[in-house]
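Derivation of every value follows stated rules applied to the coordinates shown; laboratory data play no part. Remember, predicted model here, so these are calculated numbers, not experimental data. Every residue, glycine as well, gets a Cβ built from its backbone with ideal geometry; the counts of neighbours run over all protein chains shown.
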Amino acid sequence: MRLCVFCGSSAGQDPIYVETARLLGTTLARNGIELVYGGASVGLMGAVADAVLAEGGRVIGVMPQSLVDKEIAHAGLSDLRVVGSMHERKALMAELSDGFIALPGGLGTFEELFEVWTWAQLGYHRKPCALLNAAGFYDKLTDFLDDVVERGFVKPVHRAMLIVEDEPAALIDAIRHYEPPQVTKWIKAGER
């Protein structure tokens with residue numbers, strides 16, 4: 001199994017984020033799960049990759065040439081795939097992966113997560129999408145998503161597609177047991 005991890009190129013202000021990234025990396029490697037990620041050596045990205053590698057696991061990084069040129073690519077990866085654009089990066093990461101996890105991060109992390117979750121909602125893939133809610137980082141987002149359901153913009157079944165756990169081991173277990181819904185996004189003719 002290969003899991004894609006989206007996360008910050010920054011470490012954030014609370015050391016728990018780096019600790020959680022390292023714990024996730026260790027957990028992935030000890031469960032024989034390969035890591036696919038953005039290829040950076042910095043921030044949470046570097047922490048999760050370093051932890052997988054330290055446990056003898058395999059790490060595939062995917063990075064646009066423009067970022068490789070800025071020397072932020074991780075030099076010790078099992079496999080670094082260099083692509084031409086951010087669009088190519090996301091497409092290849094999705095193709096290589098059996099599921100997706102978001103650790104804490106910023107705009108890029110959110111965008112990547114929401115894109116693959118939307119693809120799942122539309123039926124483009126049946127892979128699990130998950131949040132590792134380190135120290136409650138995603139609490140306000142999950143509350144907001146629940147409110148969006150209440151307001152009628154997201155179906156409960158689609159909200160339930162997003163796995164949320166606080167600990168890496170529980171998250172991996174939930175991903176392994178994920179069953180995608182049989183419901184499509186599209187409304188029936190005449191519905192609004």
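Once backbone amide H atoms are built at 1.01 Å from N, Leu80 has Gly61 as its partners under 5 Å, excluding neighbours fewer than 5 places away on the same chain.
Just to confirm a number: summing +1 for Lys and Arg and -1 for Asp and Glu over residues other than Cys7 whose beta-carbon lies under 12 angstrom from that of Cys7, what do you get? Overall, the nearby charge balance is 0.
Listed values for the range 58-65 are Karplus-derived 3J(HN,Hα) couplings in whole Hz (6.51 cos²θ - 1.76 cosθ + 1.60, θ = phi - 60°), namely 9, 10, 10, x, 10, 9, x, 3, and x replaces Gly and Pro. Couplings 3J(HN,Hα) for the range 35-45, derived from phi with the Karplus relation 6.51 cos²θ - 1.76 cosθ + 1.60 (θ = phi - 60°), are 9, 10, 7, x, x, 7, 9, 10, x, 5, 4 Hz, where x marks Gly and Pro. 3J(HN,Hα) along the range 6-18, derived from phi through the Karplus expression 6.51 cos²θ - 1.76 cosθ + 1.60 where θ = phi - 60°, amounts to 9, 6, x, 7, 10, 8, x, 8, 9, x, 4, 5, 5 Hz, with x in place of Gly and Pro.
What is the Rg over Rh value, at two decimals, for the range 2-176, using alpha-carbon atoms and the Kirkwood definition of Rh? Can you show the working numbers first?
Details: Rg = 15.3 Å, Rh = 16.1 Å.
Value, to two decimals: 0.95.
Given their separation in residues at 0.36 nm each and the Cα-Cα distance between them, Leu80 and Tyr124 gain 13.3 nm when the chain is fully extended. Within the range 61-110, the GluC sites (Glu not before Pro) that combine a DSSP coil assignment with at most 11 other C-beta atoms in a 10 angstrom radius are Glu71.
Amide H contacts of Ala40 (H built 1.01 Å from N, in plane; Pro and chain starts excluded): His74 sit under 5 Å, all sequence-distant by 5 or more or on other chains. Per-peptide packing, taken as the mean over residues of other Cβ atoms within 10 Å, places 123-134, 43-54 in the sequence 43-54, 123-134 from highest down.
Please give the contour-minus-distance gain from Glu111 to Ala54: 0.36 nm per residue of separation, less the Cα-Cα distance, rounded to one decimal in nm.
Details: separation 57, 0.36 × 57 = 20.52 nm, distance 2.89 nm.
Result for the pair: 17.6 nm of gain on full extension.
Each 5 Å bin from zero up to the one holding the largest Cα-Cα distance in the range 73-192 carries the following percent of pairs: 2, 9, 18, 21, 21, 15, 8, 4, 2, 1, 0, 0.
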